[in-house]
1. Of everything in region 114-130, what is over 15 Å from residue 157 (Cα atoms), in contact (Cβ under 8 Å) with a residue 12 or more places away in the chain and in a helix (DSSP H, G or I)? Give them in sequence order.
2. Which one of 48, 76 is farther than 23 Å from residue 155 by Cβ, among the polar types (S, T, N, Q) and either part of a loop (DSSP other than H, G, I, E, B) or at pLDDT 85 or above (or both)?
3. Kindly provide the set of residues from region 55-82 that are open to solvent by 50 Å² or more (accessible area, probe 1.4 Å), in contact with a Phe, Trp or Tyr (Cβ under 8 Å, 6 or more places away or on another chain) and either acidic (Asp, Glu) or over 23 Å from residue 131 (Cβ atoms) (or both), ordered by number.
4. Within region 144-158, can you find the residues that are without any contact (Cβ under 8 Å) to a residue 12 or more places away in the chain and closer than 21 Å to residue 72 by Cβ?
5. I need the full set of residues from region 79-94 which are free of Cβ contacts under 8 Å to residues at least 12 places away in the same chain and outside any helix (DSSP H, G or I), in order please.
6. Can you work out which of the residues in region 142-160 that are farther than 19 Å from residue 68 by Cβ and of a type in the set (Gly, Ala, Ser) is surrounded by the most Cβ atoms within 10 Å (Cβ to Cβ)?
7. Over 30 Å from residue 150 (Cα atoms), of a type in the set (A, V, I, L, M), assigned to a helix (DSSP H, G or I) and open to solvent by 60 Å² or more (accessible area, probe 1.4 Å): does that describe residue 101?
Amino acid sequence: MKFSKKQPLYDIDEILNQGPVIHPGGGKFWYGLAAGMVLILLLAGGYQLGGASRFCGACHSMEKEYTQWKLSRHKQFSCIECHMPDTNIAGKLAYKTRAGLNDLWHEVIRNYPAHIRLSSKGKDIMNGNCFRCHFSTIENTRMSKGGQNCLKCHHNLVHGQGILKGGLKYE
């Protein structure tokens with residue numbers, strides 16, 4: 001292709017009069033990016049709020065456990081540090097979602113028992129977290145071999161007896 005020296009490659013006046021170039025569909029990207037960022041912020045905020053002990057204590061069925069935890073020697077730890085598995089973020093999100101929906105369901109239909117018991121999986125998680133936090137204390141004892149049940153002797157350490165006579169009274 002040969003260019004004439006007399007004709008410019010482009011006309012600057014024509015370009016300046018066109019205004020900004022808008023690509024079709026280009027705005028959707030920015031709206032999608034903004035919506036994605038808002039969604040991520042909401043999920044991160046929800047995860048942070050859901051991990052606060054104050055959030056756990058907001059449910060009627062957890063009032064006594066929350067009150068006793070605040071008086072315990074473990075009050076510097078949040079509920080999730082003992083009750084959440086020590087795993088990656090995807091595992092924590094999956095567990096928290098399942099446990100949260102279970103708690104919400106029983107809170108809504110109001111069938112929590114007066115004494116909330118840990119499931120076998122919940123006991124495994126608690127024991128794993130006890131071992132993780134107290135390993136330097138137990139590393140030279142029989143407990144370090146694993147398979148021990150910390151809650152067998154220490155089940156009332158944080159939440160006390162946890163038994164209300166006559167069931168829950170929150171109405």
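The values are calculated or read from the model by the stated rules, or taken from the named source; none is laboratory data. Not measured: the values here are computed from a predicted model. Reconstructed Cβ throughout: ideal geometry from the backbone, glycine too, with neighbour counts over all protein chains shown. These accessible areas exclude ligands, DNA and RNA; they are computed on the full protein's heavy atoms, side chains included. Shrake-Rupley method; radii C 1.70, N 1.55, O 1.52, S 1.80 Å.
1. 122, 125, 128
2. Going through 48, 76 in turn, just one is farther than 23 Å from residue 155 by Cβ, among the polar types (S, T, N, Q) and either part of a loop (DSSP other than H, G, I, E, B) or at pLDDT 85 or above (or both): 48.
3. Passing the criteria: 60, 63.
4. Hits for region 144-158 are 152, 153, 155, 156.
5. 87, 88
6. 144
7. No: the conditions fail for residue 101.
Yes/no matrix, rows are residues, columns are (1) on the phi > 0 side of the Ramachandran plot; (2) modelled with pLDDT of 85 or more; (3) open to solvent by 90 Å² or more (accessible area, probe 1.4 Å); (4) β-branched (Val, Ile, Thr):
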position	(1), (2), (3), (4)
84	no, yes, no, no
90	no, yes, no, no
109	no, yes, no, yes
114	no, no, no, no
128	no, yes, no, no
140	no, yes, yes, no
163	no, no, yes, yes
